[in-house]
Structure formats: C-alpha cells, structure tokens
Amino acid sequence: MKLMRIGARGAERPAVLHLDGTIRDLSGIVDDIAGSVLTPEGLKELSGADLSGLPELDKNERIGPCVGRVGKFICVGLNYADHAAESGLDVPKEPVLFMKATSAICGPNDDVIIPKNSSQTDWEVELGVVIGKEARYVDEADALDHVAGYCVVNDVSEREFQAKRSGQWVKGKSADTFGPIGPWLVTKDEIADPQNLGMWLEVDGHRYQNGSTRTMVYGVAHVVSYISQFMSLQPGDIITTGTPPGVGMGIKPDPVYLRPGQTMRLGVEGLGEQMQKTVAWQG
C-alpha cells in the first residue's frame, strides 16, 4: 500500500493511493496514518478494506507528511562512505546518530524556508524508515519485522549551524520545513530490497545526487537493531538513513548552497518524488 495524508496543514486526512491512480479517503476507517495504524495488525486491517468503495479525493489537494504524530525523528550521519569523504570525515566505526526536531516535518511539496541568518542551507535525499512495531534490543535478523514501510526524506541542513555552532548537529537539522517526508509511506511488502533503491536529487534541473542504497555503510536492518540498543522505537517513529554524495557542501572547488527562489526535486526508487521551492524566512 501507498499510504498518504491529504489536506491543509494540521487538518490532513488519511488516504491511500489506489491501484487505479486515484486517491481514496481512509478517514472512515482510521483517524490518521500514525501510531497503532502502522502496526502489523493495523496494516492488515487496512489491506483488507475495499478501497474501490471509498470516497475519492482531489488529486490537486496538498499532500501532507506521510506519517502523523511522529514521536521521534532519528537520523544516521555519514552512512555512505563517499559522502563521508566529501565531508572530510572518516567512516564511523559505529552509526552516528542525531535527532531532527519533529517540528521540522512538512509535506513533500511544501516550501522550504531558508532560516534567518542562514548562509549554508543544503540538501540531502535519504531513505526514510517508518517503525511499525515497538523495538527494544532487537537482533539484526529480526529488525525488519519492526518496520512498517519506507518513504522519501529530504534531510535539509544548515551547515554552518551544524558544524560551527559548537558541533551539535541537531541545530543545523531542525529548522521549520527541514524535514519533508513522503509523498507516500510505502508498506514494506512493496519494497523487495531496501538495500537496492536508486535515489537522486536535482536543484533547478541540475542533478547533484545520483546514488543507491546499495552503498550504505550500515543497512536498514543494522540501523534499526543498533538504535534499539539505546532507545525504544515506537510505531510512527522515523529513521532517516543517510545520504549519498553530491550535497552542496561537498562540491569542489566551491560549495553550493540553496538560495530563495530555487526548486529541489528528489526521489527514491519505488517511493515517489518530492518537489520543494525555497523561500526566504519572513519575520
């Protein structure tokens, strides 16, 4: 299933992309794409519904974040060896973890606001993993049993805030609109191998990132297991798993950063595409 949330910010309705290409309203069955709906039991109930009999929604309505009420937004840094190299950093001996504020989450096609006093706003296409079953001290062999599905994430980042403001990455990762997710939460049964997905990102039509999840240092199962050794994971938590090379910070001889008025397009194979326009902070 390709689960979605449709409507104005804060008033999104749960929905599903039907096989006929229409978007069907799930609000008569579930209250949101969140929490217990994402458990194995919740997804089984949804998969048994007669989607063709559900009301059709307007395709032109805003697409919201594909998961609601996200409890944790956990990021894995330097998880592609070639991205670590372009960042001038070694491949870590264990996964590098940091958090992104859940207030950064926005829809896949919402405007991205360049923060006040920002000079180094950057892009990162990533594979997002959505948890569907509570995980504590999970073995790697069982880790994918705890995954509900996958989504596209743009881990928008402000590099000066990230690297030069006492080295706490969360400060460069958490501005409003720095976490577009979606358009869909694609349930794991539709993704044969999360370690074999092409991914790409363009700015104003120029392709900067063109990679694959094949080159992850630590794969999805390892990452889910690893994180569960330090904190429990609940249904609806999102893990974003790192980015391939081609971020603006790594461009030689001079880095390239986002400016107001630009357009980002990005996608992950089988998970859909996003498009965001960059706008200046107004205040």
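How would you rank 119-132, 29-42, 249-262, highest first, on the average number of other Cβ atoms within 10 Å across their residues?
Working: 119-132: 24.8, 29-42: 18.6, 249-262: 13.8.
Averaged packing, sorted descending, gives the order 119-132, 29-42, 249-262.
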| field | His18 versus Thr102: modelled label distance in nm, points set 7 Å from Cα along the beta carbon direction | value | 3.2
| query | Under the rule of -39500 (n - 2.57) per DSSP H run of 4 or more residues, summed and divided by the residues of the chain, what mean residue ellipticity at 222 nm is obtained, to the nearest 500 deg cm²/dmol? | reply | -3000 deg cm²/dmol
| note | Residues whose modelled amide H sits under 5 Å from the amide H of Gly219, counting only those 5 or more places away in sequence or on another chain, are none
| Mind checking which of Val96, Val67, Val156 has the largest fluctuation in a GNM of the chain, springs on alpha carbons under 10 Å? | Val96
| query | Ranking Thr177, Thr240 by Cβ neighbours within 10 Å, fewest first, what do you get? | reply | Thr177, Thr240
| query | Are any of the pairs Lys44/Lys171; Lys2/Lys116; Lys59/Lys188; Lys93/Lys116; Lys93/Lys277 more than 31 Å apart by Cα-Cα distance, and if so, which? | reply | Lys44/Lys171; Lys2/Lys116; Lys93/Lys116; Lys93/Lys277
| task | State the label only: which of [x] 13.6; [y] 14.3; [z] 15.3 corresponds to mean projected area of the Cα convex hull in nm² computed from the shown model? | result | [y]
| said: Given points 7 Å out from each Cα along the Cα-Cβ axis, report the Asp193 to Asp58 separation in nanometres with one decimal. | reply: 4.3
| request: Pop the C-beta distance of Val256 and Lys116 into the FRET formula with R0 = 22 Å and round what comes out to the nearest 0.05. | output: 0.60
| What is the extension gain from Ala11 to His206, computed as 0.36 nm multiplied by their sequence separation minus the C-alpha to C-alpha distance, in nm to one decimal? | 66.8 nm
| query | Spin-label point model (7 Å from Cα, Cβ direction): what's the Asp50 to Arg214 distance in nm? | reply | 4.5
| task | Express in nm, to one decimal, how much length is gained between Ser27 and Tyr137 on full extension, taking 0.36 nm for each residue of separation and deducting their alpha carbon distance. | result | 36.2 nm
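Only the coordinates and a few stated rules stand behind these numbers; no lab work does. A quick note: this is a predicted structure, and the numbers were derived from the prediction, not measured. Cβ: placed from backbone, ideal geometry, glycine included. Neighbour counts: every protein chain shown.
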